[in-house]
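Peer 1: First the structure, then my questions, so here it is.
The values are calculated or read from the model by the stated rules, or taken from the named source; none is laboratory data. This is a predicted model, so every value here is computed, not measured. Because the Cβ atoms are built from the backbone with ideal geometry, glycine has one as well, and the counts that use them run over all protein chains shown.
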Amino acid sequence: MFKSRELSSLNIPNNITMPDAIAIAYTNAKVDDYNNDCLSKDFQEGCDVLAIDILDSSNKCQLTKSELRYFNSKSYQKTEGLPLTFKARIGALYMLTCNIDVIDGLANGACGTLKKIIMGETSKHEKVPLRIYLSFSNTNIGHSNRATYTNFFIKDKANREWVMLERIVKTMTISKGSTKVISRKQFPLTPAQAITSYKSQSSTYEKIIVFPEKMTRRHLYTSFSRVPSLNKLFISGIYKPPPPPTQFDISQDVIKKMKTDNSLQFNINFPSYKTKPYGVFHNIRSLNLYLSYVISHPLYNNAEILIFAETRFQTGETHNIPNYICIHRNDCFQQNRHAYGTAVYIKETLKLDVSIDCTYVDNIHSGNSLKAFIDIGAVKFKNTIIIFLHKSPNYPYAKFKQVLMEIVTRYTSNHTLSVLGDFNLNPAKISPFMEQYNLRLNLQGDYSTDYYTLIDLCYSNNTEYFAQFYESPISDHKPLYFDIIYS
């Protein structure tokens with residue numbers, strides 16, 4: 001089966017590069033050779049960026065030629081992730097070589113495609129790259145980056161789904177034991193058209209080309225299983241089936257032990273869905289994309305009320321959930337779908353009991369771009385009021401408190417009042433303000449996102465109120481399910 005995927009069997013030259021595929025090899029040397037070959041053959045537009053190295057002024061001695069030669073020969077792995085030369089090519093795939101903002105997804109190992117290079121001039125009128133833009137397949141990466149560097153995106157006419165990077169500075173010694181310190185300024189990126197089998201673990205690609213030389217059974221399994229179908233796998237060179245495991249192989253010992261040991265007895269109580277009425281709030285990142293998941297998942301289709309943020313719906317579209325009625329939508333207003341929008345769905349059986357009591361939307365623009373926003377509304381359910389909100393990270397805090405105060409004070413103490421949503425705020429900052437209105441944080445769970453932050457919050461004036469997070473494979477925000485208390 002695998003022999004049929006050899007390039008020679010497919011009448012494809014073995015020395016070919018595939019710019020639309022990820023190459024997987026065993027050694028770093030092979031990976032570097034393929035990356036260099038691919039950049040020179042398949043990606044011509046771009047430039048080579050030489051690192052700026054500055055010797056610490058406290059060093060009285062200059063570098064010797066041998067020291068400089070030794071330092072420049074180091075790989076990026078030994079220079080804090082900053083290569084001597086960064087070969088920037090439009091359309092090529094690159095990997096981050098150090099952590100920039102882990103919470104924002106810009107972590108070591110994240111891969112993106114280079115889309116744009118912004119050039120500038122030095123005092124000597126030499127052209128140098130000032131910043132670059134990359135596109136990541138996961139659009140959640142760089143969410144804060146896009147908000148922080150809005151002015152650059154406008155100035156450079158860059159796609160708002162991209163991520164902007166500038167050169168960073170790292171400090172390091174020339175060699176182990178040396179007192180000579182150098183500061184290197186460079187883009188923290190390396191070509192990723194090819195990677196090692198080790199780094200490919202847990203990833204899935206549309207198309208791969210594998211170099212099986214020196215690979216063991218384990219490496220071959222890891223490499224070949226990176227694609228979902230055989231026709232997307234290509235093998236460069238000759239595929240030699242690995243020998244079967246011997247009786248001394250460690251895997252055989254594990255199998256024998258599993259057969260002889262007693263079966264593992266589970267004593268775990270798995271959580272069941274709530275039997276009393278509850279609702280769900282979820283910053284789903286794109287209800288447009290994940291609607292089918294919502295329809296099929298019991299957490300959602302057993303809820304009385306579904307409140308979604310960041311729906312990415314566009315005006316005129318229809319997005320139905322069986323057995324539910326949509327009573328509120330605030331859709332994207334730009335031509336392209338963007339991280340925006342809310343929607344509220346209720347069970348059809350509740351259509352006479354539930355209504356939208358008020359809504360408020362404030363979009364702050366900078367030129368033609370959306371800079372910040374607040375999207376807030378209130379659902380009335382018998383004697384229960386559920387205020388939901390989605391606030392962007394950079395919406396003015398003072399203005400947010402004013403808007404929230406005006407809506408909260410509309411409702412009397414006779415109501416069971418809850419305020420929930422994506423606050424994009426640390427609870428330590430907003431909780432004292434909420435407590436002025438007898439609204440206290442009601443949550444079980446330390447984090448509401450995959451980045452170990454708590455920014456999706458729930459406040460209530462009822463001490464018996466219960467709210468808890470659930471896990472989600474479709475969003476980096478966890479769904480929040482909450483009690484609906486009414487008489």
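Peer 1: Looking only at region 359-394, count every residue that is buried (at least 16 other Cβ atoms within 10 Å of the Cβ), under 24 Å from the mean Cα position of the chain (by Cα) and part of a strand (DSSP E or B) and tell me the total.
Peer 2: Number satisfying all stated conditions: 9.
Peer 1: Filter region 129-179 down to the residues that are surrounded by fewer than 17 Cβ atoms within 10 Å (Cβ to Cβ), within 24 Å of L55 (Cα to Cα) and either touching a Cys at 6+ places or on another chain (Cβ under 9 Å) or not basic (K, R) (or both) and list them by number.
Peer 2: Passing the criteria: L130, E166, I168, V169, K170, T171, T173, S175, G177, S178, T179.
Peer 1: In region 160-193, which residues are closer than 14 Å to T113 by Cα and among the β-branched types (V, I, T)?
Peer 2: V163, T190
Peer 1: Where in region 1-116 are there strands (runs of 3 or more DSSP E), lying fully within it, with 1 or more residues that are surrounded by fewer than 16 Cβ atoms within 10 Å (Cβ to Cβ)?
Peer 2: 46-50, 52-55, 85-89
Peer 1: What number of residues within region 160-183 are within 26 Å of T204 (Cβ to Cβ) and either outside the structural domain of S66 (by TED's automatic domain parsing) or at pLDDT 95 or above (or both)?
Peer 2: Looking only at that region, the number is 3.
Peer 1: Which one of S197, S225 is over 30 Å from I386 (Cα atoms), in contact with a His (Cβ under 7 Å, 6 or more places away or on another chain) and modelled with pLDDT of 80 or more?
Peer 2: None of the others qualify; the one that does is S197.
Peer 1: Note down all Cβ pairs under 7 Å where the first residue falls in region 118-131 and is closer than 15 Å to R167 by Cα, the second is among the aromatic types (F, W, Y), and they're at least six residues apart or on different chains.
Peer 2: R131/F152
Peer 1: Which one is nearest to P396 (Cα to Cα) among residues in region 408-440 that are surrounded by fewer than 13 Cβ atoms within 10 Å (Cβ to Cβ) and polar (S, T, N, Q)?
Peer 2: This residue is N426.
Peer 1: Sticking with this structure for a sec: Which count do you get for residues in region 287-314 that are within 19 Å of P277 (Cβ to Cβ) and either outside any helix (DSSP H, G or I) or aromatic (F, W, Y) (or both)?
Peer 2: Qualifying residue count for the region: 9.
Peer 1: Okay, next question. When region 441-450 is examined, which residues are found to be surrounded by fewer than 18 Cβ atoms within 10 Å (Cβ to Cβ) and touching a residue at least 12 places away in the same chain (Cβ under 8 Å)?
Peer 2: L441, Q444, G445, Y447, D450
Peer 1: List the number of the failed condition for A110; all other conditions in (1) under 23 Å from the mean Cα position of the chain (by Cα); (2) without any contact (Cβ under 8 Å) to a residue 60 or more places away in the chain; (3) over 25 Å from R312 (Cα atoms) hold.
Peer 2: Unmet condition: (3).
Peer 1: State which residue pairs qualify: first residue in contact (Cβ under 8 Å) with a residue 12 or more places away in the chain and inside region 194-216, second residue exposed (fewer than 12 other Cβ atoms within 10 Å of the Cβ) and not in a loop (DSSP other than H, G, I, E, B) in any location, beta carbons under 9 Å apart, and separation of 6 or more residues or different chains.
Peer 2: Pairs found: S197/R218.
Listed here are the residues, each with its yes/no results for (1) in the same structural domain as E126 (by TED's automatic domain parsing); (2) out of contact with any strand residue (DSSP E or B) (no Cβ under 8 Å at 6 or more places or on another chain).
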residue	(1), (2)
E6	no, no
I12	no, no
A51	yes, no
S73	yes, yes
T79	yes, no
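Listed here are the residues, each with its yes/no results for (1) part of a strand (DSSP E or B); (2) in contact (Cβ under 8 Å) with a residue 40 or more places away in the chain.
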site	(1), (2)
G316	no, no
C326	yes, no
Q334	no, no
R337	no, yes
I346	yes, yes
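Peer 1: Looking at Y290, Y340 in this structure, which one is among the hydroxyl-bearing types (S, T, Y), within 22 Å of E161 (Cβ to Cβ) and surrounded by fewer than 21 Cβ atoms within 10 Å (Cβ to Cβ)?
Peer 2: The match here is Y290.
Peer 1: Among the listed residues K380, K429, which satisfies the condition of being over 23 Å from H477 (Cβ atoms) and not small (G, A, S)?
Peer 2: K380
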